[in-house]
Ligand SMILES: [Zn+2]
């Protein structure tokens, strides 16, 4: 049997904490207590870089120095990997989890991503045996179907899941049916099409902040969480028992609060608010 746990990080792109809670998922909370945490960044690329340095969304603790928090937070990787002596300085000098897992612990390391801003040509690709931008931006099931685990070597997977990203579309929904917000592009053919968000400036078309439409978009993200929960259940069935899974988001999303939509160039509590749940499969 592999000396360490398989470790999977599932990132539900743009999934806000309250969307996760309102979806009332059945499978994901089986891993452990669902926490509200905070992402270190408000959009996809820096947030994934941060995750891959080993700093998962934080709990915003008061009365503690950042260095002390990092030290404690890194010790949790011992539980995740099933190791005994991992600490922050284990990652020196690269400070990059995939490199450490591949070079030092002998993991096979894989990334399956949905968003072009973290495609295989970006510098995030270091330390991965395989790194793939999925054909569709919203098909977690295709990722799960391609996952393989070896009895000899532990596997690490980063799954960047796009169903929860704007336009919150399930894989069987035709792109013709996707909701459109004027001025916001959500089709992922080109990098510059990726929505990052924006704020209403007085005088702009009011269609941008149609409240009914924003509620509909929020409801679609909630529905996307329910769908992803069913796929996570398939992942639970497929992964060997010695697998540790962390499920979280790279950032939240604004649905009209204080005049904002989306994520990215937004300074608002809701753009950092993410779900966090983790545990080992039994
Ligand atoms: Zn993102």
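The values are calculated or read from the model by the stated rules, or taken from the named source; none is laboratory data. In this text the structure is predicted, and so the values were computed from the model without any measurement. Cβ atoms come from the backbone with ideal geometry, glycine included; neighbour counts cover every protein chain shown.
The number of residues in segment 106-127 that are surrounded by fewer than 20 Cβ atoms within 10 Å (Cβ to Cβ), touching a helix residue (DSSP H, G or I) at 6+ places or on another chain (Cβ under 9 Å) and closer than 23 Å to residue 2 by Cβ comes to 1.
Among the residues making up segment 140-165, those that are over 14 Å from the mean Cα position of the chain (by Cα) and part of a loop (DSSP other than H, G, I, E, B) are 146, 147, 148, 149, 150, 151, 152, 153, 154.
It is to be established whether one or more residues within segment 235-253 are touching a residue at least 40 places away in the same chain (Cβ under 8 Å), more than 16 Å from the ligand (Cβ to nearest atom) and more than 21 Å from residue 81 (Cα to Cα). There is no residue in segment 235-253 that is touching a residue at least 40 places away in the same chain (Cβ under 8 Å), more than 16 Å from the ligand (Cβ to nearest atom) and more than 21 Å from residue 81 (Cα to Cα). With a requirement of 3 or more residues that are within 16 Å of the ligand (Cβ to nearest atom) and touching a residue at least 60 places away in the same chain (Cβ under 8 Å), the helices (runs of 4 or more DSSP H) lying completely within segment 1-100 that satisfy it span 17-23, 44-52. Residues in segment 254-282 that are part of a loop (DSSP other than H, G, I, E, B) and either modelled with pLDDT under 95 or within 16 Å of the ligand (Cβ to nearest atom) (or both): how many? Number of matching residues: 9. Within segment 231-253, being in a loop (DSSP other than H, G, I, E, B) and surrounded by fewer than 22 Cβ atoms within 10 Å (Cβ to Cβ) holds for 239, 240, 241, 242. Within segment 122-147, residues that are on the phi > 0 side of the Ramachandran plot reach partners that are outside any loop (DSSP other than H, G, I, E, B) and surrounded by 17 or more Cβ atoms within 10 Å (Cβ to Cβ) with beta carbons closer than 9 Å, at six or more positions or on different chains, in the pairs 127/52; 127/97; 127/98; 127/99; 127/100; 127/101; 127/102; 127/109.
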